[in-house]
Amino acid sequence: MSSSDPLLRRAVPSAAELLELEELAVRLAEETGRLVRELRPPDLASTSATKSSDTDPVTVMDTRAEALLRSRLNEARPKDGLLGEEGSAQPSSSALTWVIDPIDGTTNYLYDLPLYAVSVAVVVGDPTSAGSWLPVAGAVRAPVIDVTWSARVGGGARRHGPSRPGTVGTTGPAAADVPLRISGANDLGQALIGTGFGYHPTRRAQQAQALTRVLPTIRDLRRLGSAAIDLCLVADGRLDGYFEVGLNPWDLAAGWLIVTEAGGTVSGVDGGAPSADLVVAANPLLQPQLLSLVATG
Ligand code: LIP
């Protein structure tokens, strides 16, 4: 089943339900963002463990934040399925499944760097099978920079906040919601591109190889540390493009929709569905150029 499959599209909820789903995603991402920001224990590093490699961290707050999201979603949407980075896996009896990353950018969180986020999305189809699912509503909350990005299918994408006056980049009162528009860059040589690297040395060596091709061709590169934030910055016109190999559904679910609803294109290898094999996001003019650059070799 491909993400353009009519079966999948028929499962997309009504406009009214999509609005409810987006508002729920925003509410839960913001509540969870407060928890991970305000209750970050000072001895976080000493209580953290690792997962897929020695450098793939999981903190007590990743687990606690996912538990909060799971209980809120079971209360609000008991029939929906759930897939979470920290192991949540519940089948769906409503054709909808929530795909959650309680802390995207956990390494930044561990080092107390500001760019980490809570990503909450709801999808139709099977998020465990690449190409068989489609996000329909979602939100990404970056609590330290006090910004929330969100979208729903056919309803556009927007930035909420900063709401705390004096937060980075704000001077005046709390900012109203802003509709998102992707950048108009159409020349790779002038494009600011985001990317990320995996937790395994073999993969990192491959990614470093790809960079030898990409770096001389673009304006400059940004490695910010959170795929969810990278994708939202593309949607917000603050990066011209983004690519990464090795992402999980929870890293990209909400960001994918936020980019497409801001007028962008997100695809994987050969223009197919984005997956762990490859994610490339940019405006419709630049995306194919970036795709062919990163997919070569
Ligand atoms: C991270 C991604 C990032 C990638 C990291 C990691 P996590 O997710 O957001 O783009 O480069 O390797 O996968 O592990 O912090 O949820």
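Which of the residues that make up region 22-55 are polar (S, T, N, Q) and more than 16 Å from the chain's Cα centre (by Cα)? Steps first, please.
Of the residues in region 22-55, the ones polar (S, T, N, Q) are 32, 46-48, 50, 52-53, 55.
Listed by number, the residues that qualify are SER46, THR47, SER48, THR50, SER52, SER53, THR55.
Among the residues of region 237-272, write down those that are away from the ligand (no atom under 13 Å from the Cβ), among the hydrophobic types (A, V, I, L, M, F, W, C) and open to solvent by 30 Å² or more (accessible area, probe 1.4 Å).
VAL269
Somewhere in region 19-32, is a residue in contact with a Phe, Trp or Tyr (Cβ under 9 Å, 6 or more places away or on another chain), modelled with pLDDT under 95, assigned to a helix (DSSP H, G or I) and open to solvent by less than 50 Å² (accessible area, probe 1.4 Å)?
No, the conditions are met nowhere in region 19-32.
Where residues in region 211-236 are surrounded by fewer than 17 Cβ atoms within 10 Å (Cβ to Cβ) and polar (S, T, N, Q), which of them is nearest to GLY184 (Cα to Cα)?
Per the stated criteria, the residue is THR217.
Checking LEU82 against (1) within 15 Å of PRO127 (Cβ to Cβ); (2) in a loop (DSSP other than H, G, I, E, B): exactly one of these is not met. Which one?
Among (1) within 15 Å of PRO127 (Cβ to Cβ); (2) in a loop (DSSP other than H, G, I, E, B), LEU82 violates only (2).
Anything in region 70-115 that is open to solvent by less than 60 Å² (accessible area, probe 1.4 Å), acidic (Asp, Glu) and within 16 Å of the ligand (Cβ to nearest atom)? List them, or say none.
Hits for region 70-115 are GLU85, GLU86, ASP101, ASP104.
Of the residues in region 91-132, how many are under 26 Å from THR59 (Cβ atoms) and either in a helix (DSSP H, G or I) or not β-branched (Val, Ile, Thr) (or both)?
Counting residues in region 91-132 that are under 26 Å from THR59 (Cβ atoms) and either in a helix (DSSP H, G or I) or not β-branched (Val, Ile, Thr) (or both) gives 20.
Within region 38-69, can you find the residues that are charged (D, E, K, R), closer than 24 Å to LEU247 by Cβ and surrounded by 12 or more Cβ atoms within 10 Å (Cβ to Cβ)?
Listed by number, the residues that qualify are LYS51, ASP56, ASP62, ARG64, GLU66.
Between a first residue in region 266-294 that is under 10 Å from PHE243 (Cα atoms) and a second residue that is among the basic types (Lys, Arg), which pairs have beta carbons less than 9 Å apart while being 6 or more apart in sequence or on different chains?
VAL294/ARG213
Name the pairs whose Cβ atoms lie under 6 Å apart, with the first residue in region 89-103 and at negative phi, the second modelled with pLDDT under 95 and buried (at least 24 other Cβ atoms within 10 Å of the Cβ), and 6 or more positions between them or separate chains?
Close Cβ pairs satisfying both conditions: none exist.
How many residues are open to solvent by 30 Å² or more (accessible area, probe 1.4 Å) and either closer than 13 Å to LEU290 by Cα or in contact with a strand residue (DSSP E or B) (Cβ under 7 Å, 6 or more places away or on another chain) (or both) if we restrict to region 191-210? Even if it seems obvious, please write down each step before you answer.
Taking region 191-210 and keeping what is open to solvent by 30 Å² or more (accessible area, probe 1.4 Å), we get 192, 197, 199-206, 208-209.
If we keep only those that are either closer than 13 Å to LEU290 by Cα or in contact with a strand residue (DSSP E or B) (Cβ under 7 Å, 6 or more places away or on another chain) (or both) as well, we get 192.
Here the count works out to 1.
Of the residues THR50, THR59, which is in contact with a Ser or Thr (Cβ under 6 Å, 6 or more places away or on another chain) and within 12 Å of the ligand (Cβ to nearest atom)?
It is THR59.
Report, ordered by the first and then the second residue, all pairs with beta carbons closer than 8 Å, sequence separation of six or more or different chains, a first member in region 47-64 that is under 19 Å from VAL118 (Cα atoms) and without any contact (Cβ under 8 Å) to a residue 24 or more places away in the chain, and a second member that is more than 10 Å from the ligand (Cβ to nearest atom) and among the β-branched types (Val, Ile, Thr).
VAL60/THR47
The values are calculated or read from the model by the stated rules, or taken from the named source; none is laboratory data. Everything numeric in this text was worked out from a predicted model, so none of it was measured. Reconstructed Cβ throughout: ideal geometry from the backbone, glycine too, with neighbour counts over all protein chains shown. Side chains included, ligands, DNA and RNA excluded: accessible areas come from the protein's heavy atoms. Shrake-Rupley method; radii C 1.70, N 1.55, O 1.52, S 1.80 Å.
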